[in-house]
Amino acid sequence: MQSIRDYLPSLPDKRTLFAASCFFLVLCGYYLLRPLRDEMGIQGGIGNLHWMWTATFVFMIIANFAYGWLSSRVARNLLVPAIYVFIAAVLALFFVGEFFLSPPWYARAMYVWISVINLFLISGFWAVLSDVFPTDVARQRFGMIAAGGTLGAIAGPGIAAGLVETIQPQALLYAGAACFVVAAFLLRRISSQSTNSAKSRRLEKFNLHELLELGKDRRLLGLTLAVFLHSVVATFIYVLQLKLLEANIADSAARVQIFSLINLS
(Lines give C-alpha, C1' and ligand atoms only; values in the text may rest on other atoms or scores of the structure.)
Protein backbone atom coordinates (compact mmCIF):
# COMPACT_ATOMS: atom_id res chain seq x y z
CA MET A 1 0.00 0.00 0.00
CA GLN A 2 1.36 3.40 -0.99
CA SER A 3 1.64 6.18 1.55
CA ILE A 4 1.45 9.92 0.97
CA ARG A 5 5.26 10.05 1.09
CA ASP A 6 5.34 8.17 -2.23
CA TYR A 7 3.62 11.11 -3.92
CA LEU A 8 5.85 13.81 -2.45
CA PRO A 9 9.03 14.90 -4.22
CA SER A 10 12.23 13.65 -2.62
CA LEU A 11 14.43 16.15 -0.82
CA PRO A 12 17.04 17.76 -3.09
CA ASP A 13 20.57 16.37 -2.87
CA LYS A 14 23.73 18.45 -2.64
CA ARG A 15 24.18 18.62 -6.41
CA THR A 16 20.62 19.89 -6.91
CA LEU A 17 21.10 22.55 -4.22
CA PHE A 18 24.36 23.65 -5.87
CA ALA A 19 22.61 23.84 -9.25
CA ALA A 20 19.69 25.85 -7.84
CA SER A 21 22.13 28.21 -6.11
CA CYS A 22 24.13 28.56 -9.32
CA PHE A 23 21.03 29.42 -11.36
CA PHE A 24 19.99 31.86 -8.62
CA LEU A 25 23.31 33.68 -9.05
CA VAL A 26 23.16 33.61 -12.86
CA LEU A 27 19.75 35.31 -13.01
CA CYS A 28 20.42 37.53 -10.01
CA GLY A 29 23.58 38.79 -11.72
CA TYR A 30 21.80 39.40 -15.01
CA TYR A 31 18.91 41.25 -13.38
CA LEU A 32 21.39 43.37 -11.45
CA LEU A 33 22.80 44.46 -14.80
CA ARG A 34 19.60 44.76 -16.81
CA PRO A 35 18.40 48.11 -15.36
CA LEU A 36 21.91 49.49 -15.93
CA ARG A 37 21.74 48.31 -19.55
CA ASP A 38 18.42 50.09 -20.05
CA GLU A 39 19.89 53.28 -18.60
CA MET A 40 22.80 52.95 -21.04
CA GLY A 41 20.19 52.80 -23.81
CA ILE A 42 19.06 56.27 -22.78
CA GLN A 43 22.60 57.64 -22.36
CA GLY A 44 23.66 56.18 -25.71
CA GLY A 45 20.80 58.03 -27.38
CA ILE A 46 17.33 56.58 -27.93
CA GLY A 47 17.63 57.65 -31.55
CA ASN A 48 20.61 55.29 -31.84
CA LEU A 49 18.84 52.26 -30.41
CA HIS A 50 18.40 50.69 -33.84
CA TRP A 51 22.18 50.83 -34.35
CA MET A 52 22.78 49.33 -30.90
CA TRP A 53 20.35 46.50 -31.73
CA THR A 54 22.08 45.95 -35.07
CA ALA A 55 25.45 45.79 -33.32
CA THR A 56 24.00 43.33 -30.79
CA PHE A 57 22.72 41.15 -33.65
CA VAL A 58 26.10 41.15 -35.40
CA PHE A 59 28.05 40.37 -32.23
CA MET A 60 25.59 37.61 -31.30
CA ILE A 61 26.19 35.91 -34.67
CA ILE A 62 29.96 36.19 -34.22
CA ALA A 63 29.76 34.98 -30.62
CA ASN A 64 27.51 32.07 -31.64
CA PHE A 65 29.98 30.80 -34.23
CA ALA A 66 32.88 31.28 -31.80
CA TYR A 67 30.98 29.36 -29.11
CA GLY A 68 30.13 26.59 -31.55
CA TRP A 69 33.76 26.31 -32.65
CA LEU A 70 35.00 26.16 -29.06
CA SER A 71 32.25 23.77 -27.95
CA SER A 72 33.30 21.21 -30.55
CA ARG A 73 36.83 21.25 -29.11
CA VAL A 74 36.45 21.96 -25.37
CA ALA A 75 34.22 20.06 -22.95
CA ARG A 76 31.20 22.10 -21.88
CA ASN A 77 31.89 21.57 -18.18
CA LEU A 78 35.13 23.54 -18.70
CA LEU A 79 34.00 25.97 -21.39
CA VAL A 80 30.85 27.39 -19.77
CA PRO A 81 32.45 28.28 -16.38
CA ALA A 82 35.34 29.85 -18.31
CA ILE A 83 32.84 31.95 -20.29
CA TYR A 84 31.23 33.10 -17.02
CA VAL A 85 34.62 34.22 -15.69
CA PHE A 86 35.41 35.96 -19.00
CA ILE A 87 32.07 37.80 -18.88
CA ALA A 88 32.81 38.91 -15.30
CA ALA A 89 36.30 40.14 -16.30
CA VAL A 90 34.91 42.25 -19.16
CA LEU A 91 32.28 43.73 -16.83
CA ALA A 92 35.05 44.75 -14.42
CA LEU A 93 36.95 46.34 -17.31
CA PHE A 94 33.91 48.46 -18.14
CA PHE A 95 34.29 50.16 -14.79
CA VAL A 96 37.73 51.33 -15.99
CA GLY A 97 36.64 51.93 -19.58
CA GLU A 98 34.59 54.92 -18.47
CA PHE A 99 37.83 56.92 -18.31
CA PHE A 100 38.86 56.07 -21.89
CA LEU A 101 35.62 56.25 -23.90
CA SER A 102 33.34 59.20 -24.47
CA PRO A 103 30.10 58.88 -22.45
CA PRO A 104 27.84 58.06 -25.45
CA TRP A 105 30.17 55.37 -26.83
CA TYR A 106 30.78 53.94 -23.37
CA ALA A 107 27.02 53.63 -22.88
CA ARG A 108 26.53 52.03 -26.31
CA ALA A 109 29.33 49.51 -25.76
CA MET A 110 27.94 48.48 -22.37
CA TYR A 111 24.42 48.20 -23.77
CA VAL A 112 25.58 45.83 -26.51
CA TRP A 113 27.78 43.73 -24.20
CA ILE A 114 25.09 43.15 -21.56
CA SER A 115 22.61 42.28 -24.32
CA VAL A 116 25.01 39.75 -25.88
CA ILE A 117 25.96 37.94 -22.67
CA ASN A 118 22.31 37.11 -22.03
CA LEU A 119 22.60 34.65 -24.93
CA PHE A 120 25.15 32.51 -23.09
CA LEU A 121 24.29 32.84 -19.41
CA ILE A 122 21.14 30.71 -19.41
CA SER A 123 21.75 28.44 -22.40
CA GLY A 124 25.26 27.59 -21.15
CA PHE A 125 23.96 26.74 -17.70
CA TRP A 126 21.32 24.30 -18.99
CA ALA A 127 23.76 22.80 -21.50
CA VAL A 128 26.03 21.73 -18.63
CA LEU A 129 23.13 20.50 -16.50
CA SER A 130 21.74 18.42 -19.35
CA ASP A 131 25.09 16.59 -19.34
CA VAL A 132 25.27 16.23 -15.57
CA PHE A 133 21.74 15.00 -14.80
CA PRO A 134 20.38 11.84 -16.45
CA THR A 135 16.95 12.26 -18.06
CA ASP A 136 15.00 10.48 -15.30
CA VAL A 137 16.73 12.52 -12.58
CA ALA A 138 16.33 15.75 -14.57
CA ARG A 139 12.54 15.32 -14.58
CA GLN A 140 12.57 15.34 -10.79
CA ARG A 141 15.21 18.01 -10.18
CA PHE A 142 14.97 20.62 -12.93
CA GLY A 143 11.82 22.17 -11.47
CA MET A 144 13.60 22.85 -8.18
CA ILE A 145 16.63 24.21 -10.02
CA ALA A 146 14.45 26.49 -12.17
CA ALA A 147 12.81 27.79 -8.98
CA GLY A 148 16.25 28.87 -7.79
CA GLY A 149 16.59 30.93 -10.96
CA THR A 150 13.17 32.49 -10.42
CA LEU A 151 14.21 33.60 -6.93
CA GLY A 152 17.36 35.09 -8.46
CA ALA A 153 15.28 37.01 -11.02
CA ILE A 154 13.30 38.46 -8.10
CA ALA A 155 16.30 39.18 -5.87
CA GLY A 156 18.41 40.83 -8.61
CA PRO A 157 16.22 43.85 -9.39
CA GLY A 158 15.29 44.19 -5.70
CA ILE A 159 18.96 44.40 -4.73
CA ALA A 160 19.69 46.80 -7.62
CA ALA A 161 16.86 49.11 -6.58
CA GLY A 162 18.26 49.25 -3.04
CA LEU A 163 21.92 49.61 -4.00
CA VAL A 164 21.55 52.61 -6.34
CA GLU A 165 20.31 54.66 -3.39
CA THR A 166 23.79 54.50 -1.83
CA ILE A 167 26.23 53.70 -4.69
CA GLN A 168 26.70 54.91 -8.24
CA PRO A 169 24.84 52.77 -10.81
CA GLN A 170 28.06 51.59 -12.52
CA ALA A 171 29.00 49.75 -9.33
CA LEU A 172 26.29 47.23 -10.28
CA LEU A 173 28.88 45.93 -12.76
CA TYR A 174 30.96 44.58 -9.88
CA ALA A 175 27.93 43.04 -8.18
CA GLY A 176 26.92 41.26 -11.38
CA ALA A 177 30.50 40.13 -12.05
CA ALA A 178 30.78 38.68 -8.53
CA CYS A 179 27.59 36.67 -9.10
CA PHE A 180 28.97 35.18 -12.32
CA VAL A 181 32.33 34.25 -10.76
CA VAL A 182 30.66 32.39 -7.88
CA ALA A 183 28.25 30.77 -10.37
CA ALA A 184 31.25 29.54 -12.40
CA PHE A 185 32.74 27.97 -9.26
CA LEU A 186 29.46 26.21 -8.43
CA LEU A 187 29.05 25.01 -12.01
CA ARG A 188 32.51 23.42 -11.87
CA ARG A 189 31.63 21.75 -8.58
CA ILE A 190 28.42 20.36 -10.08
CA SER A 191 30.09 19.04 -13.22
CA SER A 192 32.96 17.51 -11.24
CA GLN A 193 30.45 15.10 -9.67
CA SER A 194 29.23 13.83 -13.06
CA THR A 195 30.39 10.78 -14.99
CA ASN A 196 33.56 10.85 -17.09
CA SER A 197 31.52 10.72 -20.31
CA ALA A 198 29.52 13.80 -19.28
CA LYS A 199 32.68 15.68 -18.32
CA SER A 200 34.19 15.21 -21.77
CA ARG A 201 31.01 15.88 -23.74
CA ARG A 202 31.30 18.41 -26.54
CA LEU A 203 28.87 20.08 -28.89
CA GLU A 204 28.52 18.52 -32.32
CA LYS A 205 29.96 20.49 -35.20
CA PHE A 206 27.70 22.99 -36.94
CA ASN A 207 25.68 21.42 -39.74
CA LEU A 208 24.00 23.85 -42.16
CA HIS A 209 21.91 21.08 -43.76
CA GLU A 210 20.31 20.18 -40.41
CA LEU A 211 19.61 23.86 -39.75
CA LEU A 212 17.74 24.14 -43.07
CA GLU A 213 15.74 21.02 -42.17
CA LEU A 214 14.34 22.88 -39.15
CA GLY A 215 12.46 25.16 -41.55
CA LYS A 216 10.29 22.21 -42.59
CA ASP A 217 8.95 21.67 -39.07
CA ARG A 218 5.61 23.50 -38.71
CA ARG A 219 5.83 23.58 -34.93
CA LEU A 220 9.23 25.27 -35.01
CA LEU A 221 8.03 27.72 -37.65
CA GLY A 222 5.06 28.54 -35.42
CA LEU A 223 7.36 29.12 -32.46
CA THR A 224 9.57 31.32 -34.62
CA LEU A 225 6.58 33.41 -35.65
CA ALA A 226 5.42 33.71 -32.03
CA VAL A 227 8.87 34.90 -30.91
CA PHE A 228 9.01 37.37 -33.83
CA LEU A 229 5.61 38.89 -33.00
CA HIS A 230 6.47 39.04 -29.29
CA SER A 231 9.70 40.86 -30.10
CA VAL A 232 7.93 43.40 -32.33
CA VAL A 233 5.34 44.26 -29.67
CA ALA A 234 7.91 44.28 -26.85
CA THR A 235 10.15 46.63 -28.85
CA PHE A 236 7.39 49.24 -29.22
CA ILE A 237 6.69 49.10 -25.48
CA TYR A 238 10.41 49.19 -24.61
CA VAL A 239 11.12 52.28 -26.70
CA LEU A 240 8.07 54.04 -25.26
CA GLN A 241 9.25 53.19 -21.75
CA LEU A 242 12.70 54.68 -22.39
CA LYS A 243 11.23 57.83 -23.92
CA LEU A 244 8.89 58.34 -20.96
CA LEU A 245 11.69 58.02 -18.41
CA GLU A 246 14.09 60.22 -20.39
CA ALA A 247 11.45 62.96 -20.70
CA ASN A 248 10.32 62.94 -17.07
CA ILE A 249 13.32 61.92 -14.92
CA ALA A 250 16.70 63.63 -15.27
CA ASP A 251 18.64 61.72 -12.60
CA SER A 252 20.44 58.60 -13.88
CA ALA A 253 20.35 56.72 -10.55
CA ALA A 254 16.62 57.37 -10.22
CA ARG A 255 16.01 55.93 -13.69
CA VAL A 256 18.06 52.82 -12.86
CA GLN A 257 15.99 52.38 -9.71
CA ILE A 258 12.74 52.66 -11.67
CA PHE A 259 13.98 50.15 -14.26
CA SER A 260 14.82 47.80 -11.39
CA LEU A 261 11.37 48.17 -9.86
CA ILE A 262 9.74 47.54 -13.25
CA ASN A 263 11.72 44.30 -13.57
CA LEU A 264 10.86 43.34 -10.01
CA SER A 265 7.14 43.92 -10.52
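The values are calculated or read from the model by the stated rules, or taken from the named source; none is laboratory data. Remember, it's a predicted structure, so these values are computed and weren't measured experimentally. No Cβ is skipped: glycine too gets one built from the backbone with ideal geometry, and neighbour counts run over all protein chains shown. Quick note on the areas: whole protein, heavy atoms, side chains included, nothing else; ligands and nucleic acids left out. Shrake-Rupley method; radii C 1.70, N 1.55, O 1.52, S 1.80 Å.
What distance in nm separates the simple spin-label points at ARG139 and ALA89, each placed 7 Å from Cα in the Cβ direction?
About 4.2 nm separates the two model spin labels.
Of all the C-alpha pairs in the chain, what % are more than 28 Å from each other?
42 percent
Kindly point out which whole DSSP H helices in the chain project their C-alpha atoms 24 angstrom or further along the helix axis while averaging a Kyte-Doolittle hydropathy of -0.5 or above. Walk me through the numbers before you get to the answer.
Values: long enough: 14-43 (44 Å, 0.53); 49-71 (32 Å, 1.09); 76-97 (30 Å, 2.06); 103-132 (43 Å, 1.06); 135-163 (41 Å, 0.72); 172-192 (30 Å, 1.57); 218-248 (45 Å, 1.16).
Qualifying helices, which must be both long enough and hydrophobic enough, are 14-43, 49-71, 76-97, 103-132, 135-163, 172-192, 218-248.
Based on DSSP H runs of at least 4 residues, each adding -39500 (n - 2.57), what is the mean residue ellipticity at 222 nm of the chain after dividing by all its residues, to the nearest 500 deg cm²/dmol?
-27500 deg cm²/dmol
Relative to the present Cα-Cα distance, how much length would full extension add between PHE65 and GLU165 at 0.36 nm per residue of separation?
The PHE65-GLU165 span can extend by a further 32.0 nm.
Between LEU101 and ARG73, 0.36 nm times their residue separation minus their Cα-Cα distance comes to what?
6.5 nm
Pairs of alpha-carbon atoms within less than 8 angstrom and 6+ residues apart define the contacts here; what relative contact order does the chain have, in percent?
42 percent
Roll a 1.4 angstrom probe over the protein heavy atoms and tell me the percent of accessible area of the chain that is carbon or sulfur.
69 percent
Subtract the Cα-Cα distance of LEU119 and ILE262 from 0.36 nm times their separation in residues, and report this length gain in nm to one decimal. Numbers along the way, then the final one.
On the way: separation 143, 0.36 × 143 = 51.48 nm, distance 2.16 nm.
Gain in length upon complete extension: 49.3 nm.
Considering only protein heavy atoms, what is the solvent-accessible area of LYS243 at a probe of 1.4 Å, reported in Å² to the nearest 10?
110 Å²
Return the FRET efficiency for the residue pair LEU225, TRP126: r is the Cβ-Cβ distance, R0 is 22 Å, and the value is rounded to the nearest 0.05.
0.40
What is the percent of Cα-Cα separations in segment 1-155 that go past 28 Å?
Values: 3937 of 11935 pairs.
Counting pairs separated by more than 28 Å, the tail of P(r) holds 33 percent.
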